[in-house]
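Below: the structure, in structure tokens.
The values are calculated or read from the model by the stated rules, or taken from the named source; none is laboratory data. Bear in mind the structure is a predicted one, so any value in this text is a computation, not a measurement. Reconstructed Cβ throughout: ideal geometry from the backbone, glycine too, with neighbour counts over all protein chains shown. What goes into the accessible areas is simple: the full protein's heavy atoms, side chains included, and nothing from ligands, DNA or RNA. Shrake-Rupley method; radii C 1.70, N 1.55, O 1.52, S 1.80 Å.
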Amino acid sequence: MMFAADYSTRNKVIEAFQKASETALNVARIWAFDDEGLDFVIAKARKLGIYMILSLMNNWKDYGGKDKYTVLTRNNMITRVAYKDDPTILAWELKNEPCCPSDPTGSNLQESRQQYNPNSNLDGTDFIANNQIPDTGFATSHLYPESWLPSTNKTEGEQLAFVDKWIESYVLDSNAVLEKPIVISEFRKSYKLEGYSLDKRNKYFQKIYDDVYNSARLGGPFVGGLFWQLMTELRK
């Protein structure tokens with residue numbers, strides 16, 4: 001959104017969407033913090049047939065934090081379509097990574113879930129309870145084994161084993177308990193971490209998208225994955 005909010009860098013938004021369209025990426029998730037910039041983003045996505053998931057607030061202070069939000073009834077000044085009526089907007093995410101530090105159990109965190117929580121940490125959120133809300137159309141989860149696992153369990157094989165268990169457990173709950181689709185709305189391979197390579201990143205992304213495809217083609221609940229994040233190069 002910082003590129004869309006600045007007229008001088010809006011070409012970066014166009015380049016990113018064009019690259020996404022060329023590689024058949026059809027859903028993007030974005031911060032919904034700057035009304036005028038967001039109008040521009042939605043209008044460009046609409047032209048390229050890319051659907052948007054708008055994250056209305058961030059639990060963390062980055063990008064404005066909890067004080068920044070967008071009004072659902074806003075009329076797009078470019079397309080003249082109200083956000084609430086725009087088919088380009090696939091979904092609304094009320095808050096990015098919500099949690100409650102004062103309630104580390106997440107109210108009713110199941111013991112079966114704790115075994116898959118990184119380091120067995122209790123993070124103040126309850127996947128089942130949060131997504132049983134009737135108005136929640138599909139469940140989401142983030143997946144960051146590089147950051148979550150202790151340093152003694154960060155080999156490539158151990159990370160992939162964790163990913164397999166994580167996906168298996170969340171897909172099982174989505175299917176058997178929630179009866180809703182699930183999307184991994186953030187995953188990545190960080191170039192900042194030791195051992196990173198494009199080959200490892202590509203194989204990891206392929207693994208996630210293979211899991212999505214194999215579930216979806218059989219009518220399973222795992223229907224999408226959004227890697228973090230697609231950007232274009234900044235040229236001086």
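Any residue in the stretch 35-48 that is modelled with pLDDT under 90 and buried (at least 17 other Cβ atoms within 10 Å of the Cβ)? No. Just one of Val27, Val81, Val71 is open to solvent by less than 40 Å² (accessible area, probe 1.4 Å) and outside the structural domain of Phe205 (by the TED database); which is it? The match here is Val81.
Anything in the stretch 1-54 that is among the polar types (S, T, N, Q) and in a helix (DSSP H, G or I)? List them, or say none.
Result: Ser8, Thr9, Asn11, Gln18, Ser21.
With respect to being open to solvent by 70 Å² or more (accessible area, probe 1.4 Å) and not assigned by the TED database to the domain that holds Tyr209, Met52 falls outside the description. Taking the criterion of being without any contact (Cβ under 8 Å) to a residue 24 or more places away in the chain, assigned by the TED database to the domain that holds Pro150 and over 27 Å from Asn130 (Cα atoms), would at least one residue in the stretch 175-192 satisfy it? Yes: the stretch 175-192 contains one or more residues that are without any contact (Cβ under 8 Å) to a residue 24 or more places away in the chain, assigned by the TED database to the domain that holds Pro150 and over 27 Å from Asn130 (Cα atoms). In the stretch 185-236, of all residues being acidic (Asp, Glu) and surrounded by fewer than 14 Cβ atoms within 10 Å (Cβ to Cβ), the one that is farthest from Met2 (Cα to Cα) corresponds to Asp210.
Residue pairs whose Cβ atoms lie under 8 Å apart, sitting 6 or more positions apart in sequence or on different chains, and linking a residue in the stretch 37-55 that is under 13 Å from Val27 (Cβ atoms) to a partner that is among the aliphatic types (A, V, I, L, M) and assigned to a helix (DSSP H, G or I), are Leu48/Ala20; Ile50/Ala20; Tyr51/Ala45; Met52/Val41; Met52/Ile42; Met52/Ala45; Leu54/Leu38.
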